[in-house]
Amino acid sequence: MSSMSTIKYEKRDGIVHLIFDAPGSANLMNEAFQRDFIAASEQVAAESDLRGVILRSTKAMFFAGGDLDTLIRIQPENAAEFYAGIQELKAAMRRIETLGKPIVACINGAALGGGWELCLMSHCRIAVDDPKLKLGLPEVTLGLLPGAGGVIRMTRLLGLQNALPYLIEGKQFSPADGVKLGLIHQTVASADELVGAAEQWIADNPNSRQPWDSSGYRMPGGSPSSPKLAPMLVVAPAMLTAKTQRCYPAPEAILSTAVEGAQVDFDTATRIESRYLTALAAGQVAKNMIGTFWHQLNAIKRGAGRPDGIEPSRIAKVGILGAGMMGAGIACACAMRGVEVVLKDVDQAAAERGKAYSEKVLGKRVSRGKMSADKRDAALARIQPTAKASDLAGCELIIEAVFEDQSLKAKVTAETESVIGSEAIYASNTSTLPITGLAKASVRPNQFIGLHFFSPAEKMPLVEIICGAQTDRQTLARAYDFVLQIGKTPIVVGDSRGFFTSRVFGTYTMEGIAMLGEGVGAARVENIALQSGYPVGPLAVIDEVTLTLPAKIRAQTAAALAAEGKPAPVHPADAVVDAMLAAERQGKSTGAGFYDYPADAPKRLWPELATRYPPADEPIDDQDVRDRMLYIQAIESVRCMDEGVLKDVRDANIGSIFGIGFPAWSGGVLQFINQTGLSAFVARADELTERYGERFAVPDSLRRRAADDTPFAD
Amino acid sequence: MTTEAYIYDAIRTPRGRGKASGALAEVKPVTLLSDLLRELAKRNRLPTEQVDDVIMGCVSQIGDQGACIAKTAVSAAGWSDDVAAFTLNRFCASGSEAVNLAAAKVRSGWEDLIVAGGVESMSRVPIGADGGAWAMDPQTSLNLGFVPQGVGADLIATLEGFGREQLDAFAADSHLKAAAAWSRGAFANSVIPVRDQNGLTILDNDEMIRADSSVASLAGLKPSFVQPGELGFDAVAKLRYPQVERIDHQHHAGNSSAIVDGAAALLIGSTAAGARLGLRPRARIVSAAVIGTDPTIMLVGPAPASKKALQRAGLSVDDIDLFEVNEAFAAVVLRFQRELGVPSEKINVNGGAIAMGHPLGATGAIIIGTLLDELEARGGRYGLGTLCVGGGMGIATIIERIAG
């Protein structure tokens, strides 16, 4: 039918082929598709000699899924229209599904989200047996639920208990896994065989219907009213709460849809699902997550922060200086992604210990079935431990990960540059020392850059790229390419003390420590942080990095300011830090910090904190405790924008979540301000300033932004 | 002038272990209740057609206990067809609520003579068998912060700083007090043995009491709520109590109420009804109160409910001679005691549900009877019965003994 732009309608031997073929881009469940699919469903229903329907795709990806550009714009006032739209699309799916004729999906490539939902409406799902072909419902990762029947059909196919991981965690699976689960009926070796197999299935099953439309259907594992499911149903919300702390509406809506939908007939369940999806789409958290984890992250991955006009590059061999925790982790991250690594330390034994770290980490992956032994062996073979600087010859990139000591760093820079080629770029993994200063030791300061990894480097997804005053565009582009090459996410920041992540991270821990000192109570500080969506409480995390760090940073800052003739600022956390250090409680590495670390039991808060910092006379309420942590990080990030430490909003948002654990539901430090409402944020910050001090005073730039109502955006 | 409501009689069944191995597992709940009603009519020479209404508490109203067991039992007892009946559910306070409601009806002047009580056969209809949105519907559970009661009890102990030994000492004491009460015949007037159709005795004593209970004997029991807590219910509780670093799970089968089968019935009426039937009033129902509290910690209602009932009666804590505080969990009673400043000698002097059991729908009625028996034995005047209640509620009833 010529009026359709996204679906080709073909009919051969009584079989209708609905061929997804969106012009230009990937197949999406956008308005045009919706219109076309409804029209196609009506045309199929009107066919007089219909033998079956085949759903297939002309794209490498079977179907990409929902149209996030539209979804992010849904507001509560569009709820009625949005709900009606999904219901119409689902009615069309249902129209085809219940014709009594066989419906077959030919899955040639990834079918995620809406794509997998189109497969689910088919009676038979045939996929190419490609272990890289991804199937599943990842909606939850963007704050949404699979609302085109995904929840309803998956629970009816797998049963509540077995379906939930694929719905609530967005767990993806391959065609082979799908066969085991009973979700894929058949696999074929290549895409050419799909249609033939589909036609055969149609011939073999002339009258076909879905299990749930057949008489005698029972939900696998029982319906929610069955006593067998009772213990699971009672505990499921609590398990979810333990994981998400009620910060994320999507998994809650999915659990509710699954359970409520399983208690009623298919069409009633469909309405329940559409209503929950409407609420999520109109809600704020989905907007935060789509904006940051889809649009902004994709922009970074497409090279938005990379200088234009420079040829893409790859690094074949990297030299890592220092085989301690960071160096060893970076070596592992590189080797896993196929990069040859020369891991250098002062003596061979230290370098070997650094390589042993990879053996341990990768060995664990193998024993957990997450990596094959062959791949591990290949990765390990790429790491060459050495004590000789001459072995670094031929490395295209050097990553220096020695102690945070300027003179030591200068020494290894000189030593290394004497053996590497003039094209090689040199990166320091420093987390705090300005790159411009370190580059003074380099003979090629234009090829000197900061690559700040996070610990454990083989796991943490972020790398903060720091440009010094003389770093050139070429070097930045190559560093950016390298970060993407090893599967990590780069953000690009300016050169100042603490850069972006360490600086903003510091405000979080200091605020937590200050609140302890003010009598909020250690457990309350920690619990409210977790309940706000932080992965670790401020006291626990500063114990991990050790309390000497804030003391050292304070001393350095004071020295730097003294040099400019300015007084050092006083933070209410300082006294607590000093008292802890005086009590010889530096943190986890020394066995005692804000927590005790018994050998045979989980850590417990140091009981003496309760007597040292008794409850305040005027209690600080939970909302203030929460906001002090979130606001101080957001405000410091605005200062970073003002100072040019941050250039792009996406870097602030992604960096804060991936690097320093800012709550993901918020969409990141700057999106947190957007989602709060700029004026509301400023008003609340003013309250906090009055109550807790000048560090909450918002910069003028933000006040102007609020007045103009200009949210942070790139 | 308001009509007063009097208790003319109060009886109960013995309490049997609420498992298949318990003595009363073979007895249907409708039989437990109808036999008790028959006995109540018999010993008070009650012309049953004069009873206006029968109100029975029952928590899990499904299966054997479904379809208005109160009316079924009234009919099964052979009472006059004129008698109406209904079943109510205020969770663990259902039996109390039946008594309080009967008193309110009498005091309103709309009814004269009412039987109030409750029944629960936990061996046959386990707790939670009736499902419900609170625990079983994810959206509701999430929004209400549902946790199992034991996690709430452990949270109370954590917040109050009650240690395991303190909880166990209270529990052991409950057994010793109950054993002593039985041996001196404290319940002789009230406990009606359960018999079969041949008149053979099935059970004539509270089956769960251990006269040799001690802190040492309880020490070996493993806490019951560690696993549910770790699965996520601790996280749910901490969302409302972030001041708690870790919930110390200390309640176990031995310092929590025993799961049992049992029933109770009280005859409640106006002065006129008593005079007409030639019955002597044993106690006056002075005041009653219910109150809601945070549903997550759930079990802190007894103190505020008692304060409310005391205030309504114009009485102080010191005016009360005896308290019956349902021993749902040891921490519940200890917290009540701390909040109201009541000496141990006045609380649960004949033991409680830890020793004798907590047949959910009946317990509230049972403790009013226990209170009355002991006020009579001691010649005391005022007694207060109170329970913590599921969903986050508390209930209290104050009675005044009428000197005979």
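The values are calculated or read from the model by the stated rules, or taken from the named source; none is laboratory data. Just so it is clear, the structure is predicted and the values come from calculations on it, not from any experiment. Note that we place each Cβ from the backbone using ideal geometry, even for glycine, and neighbour counts take in every protein chain shown.
Key figures for this structure:
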| read-out | value |
| --- | --- |
| Restricting the stretch A:258-289 to residues that are closer than 19 Å to B:ASP137 by Cα and outside any helix (DSSP H, G or I), the residue that is nearest to the other protein chains (Cβ to nearest Cβ) | A:GLN263 |
| Residues of the stretch B:204-234 satisfying the condition of being assigned to a loop (DSSP other than H, G, I, E, B), in contact (Cβ under 8 Å) with a residue 60 or more places away in the chain and over 30 Å from B:ILE11 (Cβ atoms) | B:PRO223, B:SER224, B:PHE225 |
| Given (1) closer than 20 Å to A:LYS588 by Cβ; (2) in contact with a helix residue (DSSP H, G or I) (Cβ under 8 Å, 6 or more places away or on another chain); (3) outside the structural domain of A:ALA328 (by TED's automatic domain parsing), number of the condition A:LEU530 does not satisfy | (2) |
| Some residue of the stretch A:300-315 being modelled with pLDDT of 95 or more and under 26 Å from A:LYS90 (Cβ atoms) | no |
| Which listed residue, of A:ALA197, A:ALA236, is touching a residue at least 60 places away in the same chain (Cβ under 8 Å) and either under 25 Å from A:LEU71 (Cβ atoms) or more than 12 Å from every other protein chain (Cβ to nearest Cβ) (or both) | A:ALA197 |
| Qualifying residue in the stretch A:604-625 (condition: part of a helix (DSSP H, G or I) and among the polar types (S, T, N, Q)) | yes |
| Output for the stretch A:497-524, where each listed residue is in contact with a Pro (Cβ under 8 Å, 6 or more places away or on another chain) and more than 14 Å from chain B (Cβ to nearest Cβ) | A:ARG497, A:GLY506, A:TYR508, A:THR509, A:MET510, A:GLU511, A:ILE513, A:ALA514, A:GLY517, A:GLU518 |
| Residue count for the stretch A:200-224, restricted to those that are within 14 Å of another protein chain (Cβ to nearest Cβ) and either aliphatic (A, V, I, L, M) or more than 36 Å from the chain's Cα centre (by Cα) (or both) | 0 |
| The stretch A:661-691, residues that are in contact (Cβ under 8 Å) with a residue 60 or more places away in the chain and of a type in the set (Lys, Arg) | A:ARG691 |
| Number of the condition not met by B:ILE62 [criteria: (1) out of contact with any Lys or Arg (no Cβ under 7 Å at 6 or more places or on another chain); (2) within 14 Å of chain A (Cβ to nearest Cβ); (3) surrounded by 16 or more Cβ atoms within 10 Å (Cβ to Cβ)] | (3) |
| Residue in the stretch A:534-544 that is β-branched (Val, Ile, Thr), more than 14 Å from chain B (Cβ to nearest Cβ) and surrounded by fewer than 24 Cβ atoms within 10 Å (Cβ to Cβ) present | yes |
| Which listed residue, of A:ASP642, A:ASP648, is buried (at least 18 other Cβ atoms within 10 Å of the Cβ), in contact with a helix residue (DSSP H, G or I) (Cβ under 9 Å, 6 or more places away or on another chain) and not aromatic (Phe, Trp, Tyr) | A:ASP648 |
| Filtered residues of the stretch A:352-385 (kept if of a type in the set (A, V, I, L, M) and outside any helix (DSSP H, G or I)) | A:MET371, A:ILE383 |
| The stretch B:236-276, residues that are over 27 Å from B:GLY352 (Cβ atoms), away from chain A (no Cβ under 11 Å) and not small (Gly, Ala, Ser) | B:THR271, B:ARG276 |
| The lone exception for B:LEU155 - which of (1) within 14 Å of chain A (Cβ to nearest Cβ); (2) part of a helix (DSSP H, G or I); (3) in contact with a Gly (Cβ under 8 Å, 6 or more places away or on another chain) it fails | (3) |
| Options A:GLU77, A:GLU47, A:GLU81; residue that is at pLDDT 95 or above, surrounded by fewer than 18 Cβ atoms within 10 Å (Cβ to Cβ) and under 20 Å from A:GLU10 (Cβ atoms) | A:GLU47 |
| Residue in the stretch A:591-601 that is of a type in the set (Asp, Glu), surrounded by fewer than 18 Cβ atoms within 10 Å (Cβ to Cβ) and farther than 19 Å from A:TYR508 by Cα present | yes |
| Failed item, numbered, when A:LEU549 is tested on (1) surrounded by 22 or more Cβ atoms within 10 Å (Cβ to Cβ); (2) more than 14 Å from chain B (Cβ to nearest Cβ); (3) not basic (Lys, Arg) | (1) |
| A:GLY322 crowded, with 23+ Cβ neighbours inside 10 Å and touching a Phe, Trp or Tyr at 6+ places or on another chain (Cβ under 8 Å) | yes |
| Pairs, first closer than 26 Å to B:ILE202 by Cα in the stretch B:241-267, second basic (Lys, Arg) and buried (at least 24 other Cβ atoms within 10 Å of the Cβ), C-beta under 9 Å, six or more apart | B:ALA258/B:ARG15; B:VAL260/B:ARG15; B:ASP261/B:ARG15; B:GLY262/B:ARG12; B:GLY262/B:ARG15; B:ALA263/B:ARG12; B:ALA264/B:ARG12; B:ALA265/B:ARG12 |
| Residue in the stretch B:13-29 that is assigned to a strand (DSSP E or B) and touching a Gly at 6+ places or on another chain (Cβ under 9 Å) present | yes |
| Looking only at the stretch A:498-520, and only at residues there that are part of a loop (DSSP other than H, G, I, E, B) and more than 25 Å from the chain's Cα centre (by Cα), the one that is surrounded by the most Cβ atoms within 10 Å (Cβ to Cβ) | A:VAL520 |
| Of all residues in the stretch B:158-167 being touching a helix residue (DSSP H, G or I) at 6+ places or on another chain (Cβ under 8 Å) and surrounded by 19 or more Cβ atoms within 10 Å (Cβ to Cβ), the one that is farthest from the other protein chains (Cβ to nearest Cβ) | B:LEU167 |
| From the options B:ALA216, B:ALA172, B:ALA211, B:ALA180, residue that is more than 14 Å from every other protein chain (Cβ to nearest Cβ), surrounded by fewer than 21 Cβ atoms within 10 Å (Cβ to Cβ), among the hydrophobic types (A, V, I, L, M, F, W, C) and in contact with a Leu (Cβ under 8 Å, 6 or more places away or on another chain) | B:ALA211 |
| Of all residues making up the stretch B:79-107, the number that are of a type in the set (D, E, K, R) and part of a helix (DSSP H, G or I) | 3 |
| From B:GLY78, B:GLY109, B:GLY66, residue being at negative phi and out of contact with any Pro (no Cβ under 6 Å at 6 or more places or on another chain) | B:GLY66 |
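Residues are listed down the side, and each one gets a yes or a no for (1) within 14 Å of another protein chain (Cβ to nearest Cβ); (2) among the aliphatic types (A, V, I, L, M); (3) within 21 Å of B:ALA264 (Cα to Cα):
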{"site": "B:LEU144", "(1), (2), (3)": "yes, yes, no"}
{"site": "B:VAL151", "(1), (2), (3)": "yes, yes, no"}
{"site": "B:LEU176", "(1), (2), (3)": "no, yes, no"}
{"site": "B:ARG184", "(1), (2), (3)": "no, no, no"}
{"site": "B:ASN189", "(1), (2), (3)": "no, no, yes"}
